[in-house]
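Read the structure below first, then the notes.
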Amino acid sequence: MNIEALLLSFRLASCVSAILFVVGVPLAYWLAFSPWRWKFLPEAVVALPLVLPPTVLGFYMLLAMGPRGPLGKFWQAAFGHGLAFTFTGLVIASVLYSLPFAVQPLVASFEAVDRKLLDASAVLGAGRVRTFAHVILPLSIPGIVTALVLSFAHTLGEFGVVLMVGGNLEGVTRTVSIDIYDRVQSLDYASANSTALLLLVISFVVLAAVYGINRRARRRVWLPWTSK
Amino acid sequence: MKLALRCLLLLWALSLRTAGAQEIRVAAAADLQFALDELAAQCQKQTGRKIDVSYGSSGNFFAQIQNGAPFDVLLSADIEYPRKLEAAGLAEPGTLYEYAIGRIVIWMPADARVDLAKLGWQALLEAGVGKIAIANPEHAPYGRAAVAALRSAGIYEQVRPKLVYGENIAQAAQFVSSRNAQAGILALSLAISPPMRDGKRWEIPVNLHAPIEQGAVILKSAKDKEGARDFLTFLKSSAGRKILDSYGFTLPAPAPASAVNQ
């Protein structure tokens, strides 16, 4: 079992879900409340990673991160090295790849907030920010938890994109999914099995925990509003 | 709605047509990517049998075949895999054949500002070479040879921080050709393939690493054993050898005519 690869995956997944939370909340707010009629276009873009194979994203990321790609050019000028085969490169690729897993639950929970409450908040003199912080956010806790956990778990299980832009460097880009693949390739099935089994258990526990928490949160948050 | 349904039905009907044809299914190592395309096309012309090639890493195919993958022939970059299949009773006895010996080269893009021909190994130590792509030495024979050669040349410890690993030799090539790595230790067969032949290359002396012996074998589970034999016969024929030779493979001592069909 490769603990280092597992820890690396956890680090990657934590970075990605933190970034996706910061980026995802304003994006989801805009998608949920903007009256713009062409809103469905960015919505479709956000959902793209759900349907595109990781090879498509991995291929374009590899080109974009190369010295001729826009991202690679910029990074080279700013930091003196390319983006492929680096942890930062993996974070960027994973943020794109897990974007819908963060944004979609957020949009859904923002949209589910009763508009009457928003109107009431406005009538009582609260600005948009205050309404968001005191009305929308507390009512959207299940959605926020789901977004955080899904982006974390999805990044943890990511394989194709990492394979295409990672370069399999120990402690830098050799994530747990790549390590399992390597073990299978080297016919070391016992080791592949122990790591894979651990990942399976962790993923199940994380998902079970979030569904459990969500159930409770829904009850707690919704009760005061629904029963007068 | 009705139109969409009809389109779907049509697509489905079309997708059925490709199944069930009589093709020879070949699982082949990634270093054969271009050589085998040509070889299969010629063999197809000669025998009239369609050849379906799947490229991948030999280790992957080995695991898949052990678990019942429906291939007729395995062309492995490492002859150990066909040997193991034979030992496990998964290969047709007596069909194991060493079809070629692989060569490795240092490859750089044509516009690299390094005089590779003059510098040889030293080129890898240049400051402009930040990353060097090789195949994963843990399971890819070309990666193993690359590391062995770097060790023999005495620069392995120096270049180790620069190494990045492709899942197989074709991915290592892709890392360099997309310029994410500045140099690669690649299979000669890929370095002289049409997309890469304009780049710079320096052939690594063969005495610096154990020979990359490549082996073919017909699988016990082959549906079309006769077709598989025809394909292997073509591989051993002078026409087949000529193609392998033109892609930089070193050929094992030419089999005497009488031994060809064994």
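The values are calculated or read from the model by the stated rules, or taken from the named source; none is laboratory data. What you see is a predicted model, and the numbers here were worked out from it, not measured in a lab. Cβ atoms come from the backbone with ideal geometry, glycine included; neighbour counts cover every protein chain shown.
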So which residues in the stretch A:109-121 are of a type in the set (Gly, Ala, Ser) and crowded, with 17+ Cβ neighbours inside 10 Å? A:Ser109, A:Ser121
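Identify, from the list A:Ile213, A:Ile202, A:Ile180, the residue that is over 19 Å from A:Phe10 (Cα atoms) and surrounded by 13 or more Cβ atoms within 10 Å (Cβ to Cβ).
Details: A:Ile202 fails: over 19 Å from A:Phe10 (Cα atoms); A:Ile180 fails: over 19 Å from A:Phe10 (Cα atoms).
After ruling out the rest, the residue left standing is A:Ile213.
With a cut-off of at least 1 residues that are of a type in the set (S, T, N, Q) and within 14 Å of the chain's Cα centre (by Cα), name the strands (runs of 3 or more DSSP E) lying wholly within the stretch B:155-262. Show your work before the answer.
Details: elements: B:163-166, B:183-187, B:200-203, B:212-218.
Filter on the stretch B:155-262 gives B:212-218.
Looking only at the stretch B:105-121, decide whether some residue is under 20 Å from the mean Cα position of the chain (by Cα), within 24 Å of B:Gly248 (Cα to Cα) and of a type outside the set (Val, Ile, Thr).
Here is the first cut: in the stretch B:105-121, the residues under 20 Å from the mean Cα position of the chain (by Cα) are B:105-108.
Pick out the ones that are also within 24 Å of B:Gly248 (Cα to Cα) and you get B:105-108.
Restricting the remaining residues to those that are of a type outside the set (Val, Ile, Thr) gives B:107-108.
Within the stretch B:105-121, one or more residues are under 20 Å from the mean Cα position of the chain (by Cα), within 24 Å of B:Gly248 (Cα to Cα) and of a type outside the set (Val, Ile, Thr).
Here's the yes/no breakdown for (1) modelled with pLDDT under 95; (2) more than 23 Å from B:Gln174 (Cα to Cα):
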| position | (1), (2) |
| --- | --- |
| B:Leu90 | yes, yes |
| B:Ile106 | no, no |
| B:Ala112 | yes, no |
| B:Leu116 | yes, no |
| B:Glu126 | yes, no |
| B:Ala133 | no, no |
| B:His139 | yes, no |
| B:Tyr156 | no, no |
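Does the stretch B:82-98 contain at least one residue that is within 24 Å of B:Arg197 (Cα to Cα) and of a type in the set (A, V, I, L, M)?
Initial filter on the stretch B:82-98 (within 24 Å of B:Arg197 (Cα to Cα)): none.
Within the stretch B:82-98, not a single residue is within 24 Å of B:Arg197 (Cα to Cα) and of a type in the set (A, V, I, L, M).
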With respect to A:Val206, is the statement that it is in contact with a Leu (Cβ under 7 Å, 6 or more places away or on another chain), assigned to a helix (DSSP H, G or I) and modelled with pLDDT under 90 true? no
Hits in the stretch B:130-172 - residues which are surrounded by 19 or more Cβ atoms within 10 Å (Cβ to Cβ), closer than 17 Å to B:His209 by Cβ and of a type in the set (D, E, K, R): B:Arg144
Please specify each residue of the stretch B:39-53 satisfying the condition of being under 17 Å from the mean Cα position of the chain (by Cα) and either in contact (Cβ under 8 Å) with a residue 12 or more places away in the chain or not in a helix (DSSP H, G or I) (or both). B:Leu39, B:Ala40, B:Ile51, B:Asp52, B:Val53
Considering the stretch B:3-34 alone, what residues qualify as being modelled with pLDDT of 90 or more and farther than 21 Å from B:Leu219 by Cβ? B:Phe34
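Kindly indicate whether any position in the stretch A:71-80 is part of a loop (DSSP other than H, G, I, E, B), of a type outside the set (Val, Ile, Thr) and within 11 Å of another protein chain (Cβ to nearest Cβ). Even if it seems obvious, please write down each step before you answer.
Going through the stretch A:71-80, the residues part of a loop (DSSP other than H, G, I, E, B) turn out to be A:80.
With of a type outside the set (Val, Ile, Thr) added as a condition, the list becomes A:80.
Subset that is within 11 Å of another protein chain (Cβ to nearest Cβ): A:80.
The answer is yes; a qualifying residue exists.
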Could you say whether any residue in the stretch A:176-192 is modelled with pLDDT of 90 or more, within 14 Å of another protein chain (Cβ to nearest Cβ) and within 21 Å of the chain's Cα centre (by Cα)? yes
Considering only helices (runs of 4 or more DSSP H) wholly within the stretch A:122-171, the ones with at least 2 residues that are within 14 Å of chain B (Cβ to nearest Cβ) and buried (at least 18 other Cβ atoms within 10 Å of the Cβ) are A:160-165
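Going by the structure shown, is A:Ser98 more than 14 Å from chain B (Cβ to nearest Cβ), touching a residue at least 24 places away in the same chain (Cβ under 8 Å) and either outside any helix (DSSP H, G or I) or crowded, with 18+ Cβ neighbours inside 10 Å (or both)? Walk me through how you get there before you give the answer.
Numbers: more than 14 Å from chain B (Cβ to nearest Cβ): yes; touching a residue at least 24 places away in the same chain (Cβ under 8 Å): yes; either outside any helix (DSSP H, G or I) or crowded, with 18+ Cβ neighbours inside 10 Å (or both): yes.
Spelling it out, A:Ser98 is indeed more than 14 Å from chain B (Cβ to nearest Cβ), touching a residue at least 24 places away in the same chain (Cβ under 8 Å) and either outside any helix (DSSP H, G or I) or crowded, with 18+ Cβ neighbours inside 10 Å (or both).
Here is a list: B:Leu163, B:Leu190, B:Leu232. Which entry is more than 14 Å from every other protein chain (Cβ to nearest Cβ) and under 26 Å from B:Ala117 (Cβ atoms)? Give the steps one after another, and end with the answer.
Details: B:Leu163 fails: more than 14 Å from every other protein chain (Cβ to nearest Cβ); B:Leu232 fails: under 26 Å from B:Ala117 (Cβ atoms).
The match here is B:Leu190.
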Of the numbered conditions (1) more than 20 Å from B:Gly143 (Cα to Cα); (2) surrounded by fewer than 24 Cβ atoms within 10 Å (Cβ to Cβ), B:Val73 fails exactly one; give the number of that condition. (2)
Among the residues of the stretch B:88-145, the number that are within 14 Å of chain A (Cβ to nearest Cβ) and outside any loop (DSSP other than H, G, I, E, B) is 9
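This table checks each residue for (1) free of Cβ contacts under 8 Å to residues at least 60 places away in the same chain; (2) over 17 Å from the mean Cα position of the chain (by Cα).
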site: A:Trp30; (1), (2): yes, yes
site: A:Lys39; (1), (2): yes, yes
site: A:Val46; (1), (2): yes, no
site: A:Leu50; (1), (2): yes, no
site: A:Pro54; (1), (2): no, no
site: A:Gly58; (1), (2): no, no
site: A:Leu62; (1), (2): no, yes
site: A:Gly66; (1), (2): yes, yes
site: A:Pro70; (1), (2): yes, yes
